[in-house]
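Asks: My questions will all concern the structure given below.
The values are calculated or read from the model by the stated rules, or taken from the named source; none is laboratory data. Just so you know, these numbers come straight off a predicted model, no measurement behind them. Virtual Cβ from ideal backbone geometry, glycine too; neighbours counted across all protein chains shown.
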Amino acid sequence: MYIYESDIYNDEPLVVYLENFVAPSDCDSFIEYAKPKVKSSKVISKTNGTTYHHSARTSSDFFMPNDYEPNEVVRNNVAEFFDKDIISLEDSMIIRYQKGEQYKPHVDYFLHGVSGSKQRVATAICYLNDVDEGGETVFPLLGLSFKPKKGSLIYFEYNYTPEINRLTTHAGEPITDNSEKWIMTIWMRDTGNGFKYDA
Ligand SMILES: O=C(O)CCC(=O)C(=O)O
């Protein structure tokens, strides 16, 4: 079994950073697979679950098939390491940011009711490449900032009180040079079925 080095950056809400979670060759494979397929990102309504384009999120994305082998490996490792039922993981979303693109501060859980099945309780973000300038994932209310590093992962939970959950407000900062930022995000539900957004 692979033993990961993990660092806890915050206890409540839990924010964890792990290096070398995704093999470098798998990071490259994810990017190559998704590159011709990404489409302009949408946001999901926190009130009724519909998806739509919004200036707060200017990336492009693509949902990876669950049976793609590197994806299976990452998903199984996330489930095992963070003690989740694999069925609670939403489909893995590959996200590409180009110069100036970003995801402004937001929370990942649903504020009024839930979309699909159950409430979201946790997020894992895998960095698939290094970024020279910009592109940090920041948690302004916790004073945390993570620079994208190929193969590393951040994980955070928001299954606390509303006041604590709000502290997981986070953002993907704009890329400020000509490089791209590629990540893979997996949101997790409290239990129940896997979940897929409409395209
Ligand atoms: O791009 C980032 O660093 C953050 C991505 C994000 O907020 C998300 O996928 O929910």
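Asks: So, of the residues in the stretch 71-112 that are over 17 Å from Y155 (Cβ atoms) and assigned to a loop (DSSP other than H, G, I, E, B), which turns out to be nearest to the ligand (Cβ to nearest atom)?
Replies: My answer is Q102.
Asks: With S41, S45 as the choices, which residue is farther than 17 Å from F81 by Cα, at pLDDT below 95 and crowded, with 18+ Cβ neighbours inside 10 Å?
Replies: Among S41, S45, only S41 is farther than 17 Å from F81 by Cα, at pLDDT below 95 and crowded, with 18+ Cβ neighbours inside 10 Å.
Asks: Of the numbered conditions (1) free of Cβ contacts under 8 Å to residues at least 60 places away in the same chain; (2) part of a loop (DSSP other than H, G, I, E, B), N20 satisfies every one except a single condition; which is it?
Replies: (1)
Asks: Identify the single condition in (1) within 16 Å of the ligand (Cβ to nearest atom); (2) modelled with pLDDT under 95; (3) under 27 Å from I164 (Cβ atoms) that E133 does not satisfy, given that it satisfies every other one.
Replies: That leaves (3) as the condition not met.
Asks: Something else now. Kindly indicate whether K149 is within 23 Å of V74 (Cα to Cα), surrounded by fewer than 17 Cβ atoms within 10 Å (Cβ to Cβ) and in contact (Cβ under 8 Å) with a residue 40 or more places away in the chain. Talk me through it step by step, then tell me what you get.
Replies: Values: within 23 Å of V74 (Cα to Cα): yes; surrounded by fewer than 17 Cβ atoms within 10 Å (Cβ to Cβ): yes; in contact (Cβ under 8 Å) with a residue 40 or more places away in the chain: yes.
The answer is yes for K149.
Asks: Something else: Got at least one residue in the stretch 58-65 being over 13 Å from M188 (Cβ atoms), buried (at least 19 other Cβ atoms within 10 Å of the Cβ) and within 11 Å of the ligand (Cβ to nearest atom)?
Replies: yes
Asks: Residues in the stretch 30-70 that are touching a Ser or Thr at 6+ places or on another chain (Cβ under 6 Å) and assigned to a loop (DSSP other than H, G, I, E, B): how many?
Replies: 6
Asks: Within the stretch 134-160, track down each residue that is part of a loop (DSSP other than H, G, I, E, B) and either within 14 Å of P105 (Cβ to Cβ) or of a type in the set (S, T, Y) (or both).
Replies: Restricting attention to the stretch 134-160, the residues satisfying the condition of being part of a loop (DSSP other than H, G, I, E, B) are 135-136, 140-143, 147-152, 158-160.
Across the stretch 134-160, the qualifying residues are E136, P140, L141, L142, G143, S152, Y158, Y160.
Asks: Here's a follow-up. In the stretch 155-169, what residues are more than 17 Å from the chain's Cα centre (by Cα) and under 15 Å from D190 (Cα atoms)?
Replies: Y160, T161
Asks: Scan the stretch 161-191 for residues that are part of a loop (DSSP other than H, G, I, E, B) and of a type outside the set (V, I, T) and jot them down.
Replies: The first filter runs over the stretch 161-191 and keeps only residues part of a loop (DSSP other than H, G, I, E, B), leaving 161, 167-169, 173-174, 176-180, 190-191.
Within the stretch 161-191, L167, E173, P174, D177, N178, S179, E180, D190 qualify.
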